[in-house]
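**Student:** Please find one structure pasted underneath; my questions will follow.
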Amino acid sequence: MNTTGRPPPRFVPTLTEVVHDSPLPPARPPLVTTAQVATAKPAPAEGVAASRTLPPEFEEYVVHRVMQRVDLALEQRLREAIAQVMVEQTRSLIPRLREEVESVVRQSVYEAVAQELAAEREIL
């Protein structure tokens, strides 16, 4: 609570309206089967008025089907986006990985040559 009379900083959320508790949220309509939808005969209408004349069960069915399609499309697009990011990240890692592999191989060769030369000196 602000008791100093100064306005709060702009990034601090403030209450702008009073919200009263409602009794209980409305119950969701039951899901319908494909057979129920096939037998439902919505009244023919045009535009927005058509959605107001559909039975609630049919509306729920349509929403459910649309959400299924959105889920499928979203999943496919997310896979493509993630694959693209992975390809880009891998491409950016390749030069660094090559440098590291080259360094490790070079160091291993130097050590092997040094050991070989040391062994030859002992023989001579």
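**Student:** Based on what the data block shows, is Arg96 without any contact (Cβ under 8 Å) to a residue 40 or more places away in the chain and surrounded by 10 or more Cβ atoms within 10 Å (Cβ to Cβ)?
**Tutor:** Details: without any contact (Cβ under 8 Å) to a residue 40 or more places away in the chain: yes; surrounded by 10 or more Cβ atoms within 10 Å (Cβ to Cβ): no.
Spelling it out, it is not the case that Arg96 is without any contact (Cβ under 8 Å) to a residue 40 or more places away in the chain and surrounded by 10 or more Cβ atoms within 10 Å (Cβ to Cβ).
**Student:** Inspect the range 101-113 for any residue being at pLDDT below 90, surrounded by 10 or more Cβ atoms within 10 Å (Cβ to Cβ), out of contact with any strand residue (DSSP E or B) (no Cβ under 8 Å at 6 or more places or on another chain) and of a type in the set (S, T, N, Q) and give the result as yes or no.
**Tutor:** Keep residues of the range 101-113 that are at pLDDT below 90, which gives none.
No.
**Student:** Same structure, new question: Is the range 45-68 home to any residue that is at pLDDT below 60 and among the β-branched types (Val, Ile, Thr)? Quick ask: steps written out before the conclusion?
**Tutor:** First pass over the range 45-68, keeping only residues at pLDDT below 60: 45-51.
Next, from what is left, pick out any that are among the β-branched types (Val, Ile, Thr): 48.
Yes: the range 45-68 contains one or more residues that are at pLDDT below 60 and among the β-branched types (Val, Ile, Thr).
The values are calculated or read from the model by the stated rules, or taken from the named source; none is laboratory data. Predicted model, so just to flag it, every value in this text is computed and none were measured. We place every Cβ from the backbone using ideal geometry, glycine too, and count neighbours over all the protein chains shown.
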